[in-house]
Amino acid sequence: MIEVRNLVKFYQSEPVLRDLSFSVAPGEIFGVVGQSGAGKSTLLRCFNGLEPYQSGSVQVMGREVARLRDKELKELRRDMGMIFQNFCLMNRKNVFENVAFPLRVWESHPALPKRVRRFLGIGETADARTRARVMELLELVGLADKRFERVQNLSGGQKQRVGIARALALNPKILLCDEATSALDPGTTLDILQLLQDINAHFRLTLVVVTHQMEVVKRICHRLLLLDKGAGLRLGRTEDLFLSPGGMGRFADEEYARLPSGVNIRLLFPREIARQAVIAAMARDLGLSFPIVGGKLEHYIDDVLGFLIINVPEENLDTVYGYLREKNLRWEALDDA
Amino acid sequence: MLEALLGALSETLYMVFFATLFSSIGGFGLAIFLILTGPHGLRPRPGIYAALDAVVNLLRSFPFMILMIALIPFTRTVAGVAYGSTAAIVPLTVAAIPFMARLVEGSLLEVDPGVVEAARSFGASDGQIIFQVMVREAMPSIVLNVAVLAIALLGYSAMAGAIGGGGLGALAYNEGYIRFRADMMLGAVAVLILVVQCIQICGNRIYKKLR
Ligand SMILES: Nc1ncnc2c1ncn2[C@@H]1O[C@H](COP(=O)(O)OP(=O)(O)O)[C@@H](O)[C@H]1O
Ligand SMILES: [Mg+2]
């Protein structure tokens, strides 16, 4: 769907994207994570030509974005929806008109007032079609009853729903999401993520999700790219990256900010062993007990997976390492904080 | 006295109305060019922008009195006459166009760039973005600026007496100052204050309605 090869972009002389290569498959939810300023938004804007790039290649649905002429670029954009952190709705229009706007942009003679078009006998059927399409979209995002509301009077979650409906208006193949949930509270974030997942599943829409929120990528992304200062640090399946030792490096470190001194070992629970009582078994088998000092059980797409951190006294270290190796568990020793 | 005041008022309103109308149109057009070619515009053209910017600043730095006199030959060509209320509309308009252009440019710059980007993201053309997104979103603020413009023109029009433009300013000067008619002076000033209030209240009303 999207093929990126050796992409490089500068702002003046400042490199913002350094030699990125990856591809996004049709129908997948692809995440781009990284800290603020990593270049995520810039990367996303290279996909629909809102930002130019200096070298390398970005092919979207087989078309090299940098080589498209004005008209072709507009057509490409018609096939790609985009949603934003701050929703970017037109405050003076109501919900209906915001969602209808992309459709009007692509109507013939959109500039003529409705009355003139009616007089000339053009646009009647287009108006009816626009109406039907907008209502369909508003039903989808659950805002049909708010269609005449001004967007200023909506909550953040509702505004993002309008943004999603607007982005879907032209039946795009790809939906670009730039920090779509970063301005929302946790509950609303979950609702919006659910909606995005539903859209991905029902319409086989390809999603590119840009965010600095680890929770978001963990929850919905099938694969992800970890971006750091414009460079791609990791690329792979979400589950593999989060569950492999050092997979997300220091980026997933917030969870164990305050661990006791000594040796802390992180045990990873992928799908197949998540529900076994690994720690209890180890304690029993070795005749030792370990304090559990941290951990997390989480939703990766639709499975509960996670890790636990145990604190092991120096003198038992070798025994424990031996046991972990023997049982073929996935684990890593953490650096002293 | 009332008759004199009413006559002067109608001359003032005539000058201010048409000068506001013409300079709104001209200033609006110029602002569109400034926005298009500006540093964060849809079609950045630093050269063209710098030139337009310089012309706007130059025209705005002329004292109105001087501009009015310098424009007399031009006024004669455009209006057919060099003196009188109709003739005064020409220099008023010329002076107000760059002023209005700056005001409208400011209004358009206030439009959230994210909204513009959103419109670009679904394939809107530059024309559609300018007129259907930016101007539309900025309309309340543009209306307020038209009121500011009209009030500024009211002030300028008082100087139009110098080329026989008449109006409240000329009345206050000729009758009130030269002939020591304090009542005329006070009357003219009172009517001017009233007109300014009316314009501002109208502007605010429309602003609230549009927002
Ligand atoms: N228009 C611009 N001009 C110059 N530098 C920019 C511009 N936009 C972004 N940058 C810089 O590019 C880098 C990446 O920005 P961005 O893509 O917005 O990061 P992210 O979305 O990951 O927070 C930042 O260092 C930012 O300062
Ligand atoms: Mg960003």
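Derivation of every value follows stated rules applied to the coordinates shown; laboratory data play no part. Since the model is a prediction, treat every value here as computed from it, not as a measurement. Neighbour counts run over all protein chains shown; Cβ positions are idealised from the backbone, glycine included.
Under a Cβ-Cβ cut-off of 15 Å, what is the net charge of the residues other than A:ARG63 that fall near it, where Lys and Arg count +1 and Asp and Glu count -1?
In short, +2.
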message: Helix-only estimate, please: 222 nm mean residue ellipticity of the protein assembly as shown, summing -39500 (n - 2.57) across DSSP H runs of length 4 or more and dividing by its residues, to the nearest 500.
response: -16000 deg cm²/dmol
query: What shape does segment A:142-192 take by its C-alpha gyration tensor, where a ≥ b ≥ c are the square roots of the eigenvalues and a/c under 1.5 counts as rounded, a/b above b/c as prolate, and the rest as oblate?
result: oblate
- request: Find the all-direction average of the projected area of the Cα convex hull for segment A:32-76, expressing the result in square nanometres with one decimal place.
  value: 3.5
query: Which net charge results for the neighbourhood of A:HIS222, defined as the other residues with beta-carbon distances under 10 angstrom from its beta-carbon, given Lys and Arg at +1 and Asp and Glu at -1?
result: 0
query: Taking Cα pairs under 8 Å and at least six residues apart, what relative contact order does chain B come out at, in percent?
result: 28
- prompt: Taking A:LYS327 as the anchor, which aspartates and glutamates have their alpha carbon closer than 19 Å to its alpha carbon, excluding any fewer than eight residues away along the same chain?
  reply: A:GLU272, A:ASP285, A:ASP318
query: For chain B, which DSSP H helices look membrane-span-like by this rule: Cα extent along the axis of 20 Å or more and mean Kyte-Doolittle of at least 1.6?
result: B:2-37
- line: Computed Rg/Rh for chain B (Cα atoms; Rh = Kirkwood radius) stands at 1.05
- line: Counting Lys and Arg as +1 and Asp and Glu as -1 over every other residue whose Cβ sits under 13 Å from the Cβ of B:ILE201, the net charge comes to +3
- prompt: Quick one: if the Förster radius is 60 Å, what FRET efficiency do A:GLU72 and A:ALA280 give, using the C-beta to C-beta distance and rounding to 0.05?
  reply: 0.45
- request: Counting only DSSP beta bridges with both residues in the protein assembly as shown, tell me the antiparallel percent, nearest 5.
  value: 70
- request: Normalise the Debye intensity by I(0) for segment B:1-85, one equal point scatterer per Cα, no solvent, then take log10 at q = 0.14, 0.17, 0.24 Å⁻¹ and round to two decimals.
  value: -0.70, -0.90, -1.19
message: If I take the Cα coordinates of segment A:2-242 and project them onto the principal axes, what are the three extents in Å, biggest first?
response: 58, 42, 31
- prompt: Tell me, what are the semi-axes, in whole angstrom and largest first, of the equivalent ellipsoid of the protein assembly as shown as set by the roots of 5 times the Cα gyration tensor eigenvalues?
  reply: 65, 25, 22
task: Please give the average number of partner chain Cβ atoms lying within 10 Å of the Cβ of each residue in A:81-93, rounded to a whole number.
output: 5
query: How do B:149-160, A:312-323 rank on mean C-beta neighbours within 10 Å, highest first?
result: B:149-160, A:312-323
- line: Mean Cβ-within-10 Å packing, highest first, puts peptides A:92-99, B:88-95 in the order B:88-95, A:92-99
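Any of A:LYS146/B:LYS208; A:LYS74/A:LYS229; A:LYS159/A:LYS218; A:LYS146/B:LYS209; A:LYS146/A:LYS218 with alpha carbons more than 28 Å apart? Name them for me.
Pairs exceeding the cut-off: A:LYS74/A:LYS229; A:LYS146/A:LYS218.
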statement: Mean other chain Cβ within 10 Å across B:110-119 is 5
query: Between B:ALA70 and A:VAL116, what FRET efficiency comes out of the Förster formula 1/(1 + (r/R0)^6) with R0 = 60 Å and r the beta carbon distance, rounded to 0.05?
result: 0.85
field: Net length gained if the chain between A:ARG131 and A:GLN54 were fully extended (0.36 nm per residue, minus Cα distance)
entry: 23.6 nm
